[in-house]
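The values are calculated or read from the model by the stated rules, or taken from the named source; none is laboratory data. The shown structure was predicted, so the numbers you read here are calculated from the model rather than taken from an experiment. Glycine also receives a Cβ, built like all others from the backbone with ideal geometry; neighbour counts cover every protein chain displayed.
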Amino acid sequence: QSAEDELRAAIENDELQLLYQPILSAQDGKIVCVEALARWQHRAYGLLSADSFIPLAEERGLIVALGEWALRRACAEAKLWPDVKVAINVSPIQFRQKDFVATVNRILTESGTDAQRVELELTEGVVIADADLAEHAMVDLRALGVRMVLDDFGTGYSSLIYLRRFAFDKIKIDRSFMESMEFSGESAIIIRSIVDLGRSLGLTVTAEGVETEEQARFLRTLGCDELQGYLFGRPVTATEIEQRLAEQR
Ligand code: G
Ligand code: G
Ligand code: MN
Ligand code: NA
């Protein structure tokens, strides 16, 4: 059986799973959101991270089904933690489907999920192919009440144009800037600029890949709104998130 056939079967038979990584308010350290990250428990290879099968799904036309599965699963599991938002990564291919907005609307309705609790994470790649289509889809999604997030911010080449043209609610600073962050260095200057830019445009700014107390302190000083990274928690199961939320109450 080819990897493609195995992945198709895994999607159809609900054999994939979602882990959730906490995203904290920089102000009070409370979990305000969790990001859903797909995993594949493979018979032979063990637990596979998204990097090892999302590209395959995109190449072989399986990403639309996988994306719908992820939306449905995240909406179902998010019932365990009513106070916290859930962020779902959306592939550019999935986003460009003519019926994407209708699909999101249907899944929200079927699962009884409040749209305000759902964030969709897009990368710049989404708008490169067909900006008009993307613009309309974003307006329609926001009209549903869903929040739109620009993921991996700072890695594309025309981020500023996208921020002006598209109605994002939030930007996530790519974790590559944290990795190389020296407080007097170039990455720190870039991070500061992104935080200032986002705030002056009225966007929520989230930093990803926060691994040290020093990084967290620096980001709080800058006025970054939300923090995500191994310092605060790795991706874990829905049940583990539920337990952690119970502890913070
Ligand atoms: O958690 P991990 O390192 O496996 O994530 C790797 C990449 O896969 C990240 O860029 C993440 O956005 C992406 N990813 C994780 N889950 C999903 C998903 O459900 N759908 C899509 N389209 N991308 C995902
Ligand atoms: O592209 P996207 O931002 O969706 O990818 C999120 C990915 O980043 C996930 O694979 C997640 O496991 C990973 N990640 C989250 N926090 C950290 C961190 O603190 N350090 C590193 N190296 N990776 C992280
Ligand atoms: Mn993401
Ligand atoms: Na990212």
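Listing for the model above:
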| read-out | value |
| --- | --- |
| Hits in the stretch 16-27 (condition: modelled with pLDDT of 95 or more and either under 13 Å from Leu219 (Cβ atoms) or away from ligand 1 (no atom under 16 Å from the Cβ) (or both)) | Ile23, Leu24, Ser25, Ala26 |
| Test result for Gln21, in a strand (DSSP E or B), under 21 Å from Leu150 (Cβ atoms) and polar (S, T, N, Q) | yes |
| Candidates Glu214, Glu242, Glu247, Glu182 - the one that is modelled with pLDDT of 95 or more and either more than 16 Å from ligand 4 (Cβ to nearest atom) or within 19 Å of the chain's Cα centre (by Cα) (or both) | Glu242 |
| Residue list for the stretch 91-107, restricted to those being surrounded by 20 or more Cβ atoms within 10 Å (Cβ to Cβ) and either out of contact with any Leu (no Cβ under 7 Å at 6 or more places or on another chain) or over 17 Å from Ala143 (Cβ atoms) (or both) | Ser91, Gln94, Phe100 |
| Residue count for the stretch 211-230, restricted to those that are more than 16 Å from ligand 3 (Cβ to nearest atom), exposed (fewer than 15 other Cβ atoms within 10 Å of the Cβ) and either of a type in the set (A, V, I, L, M) or assigned to a loop (DSSP other than H, G, I, E, B) (or both) | 2 |
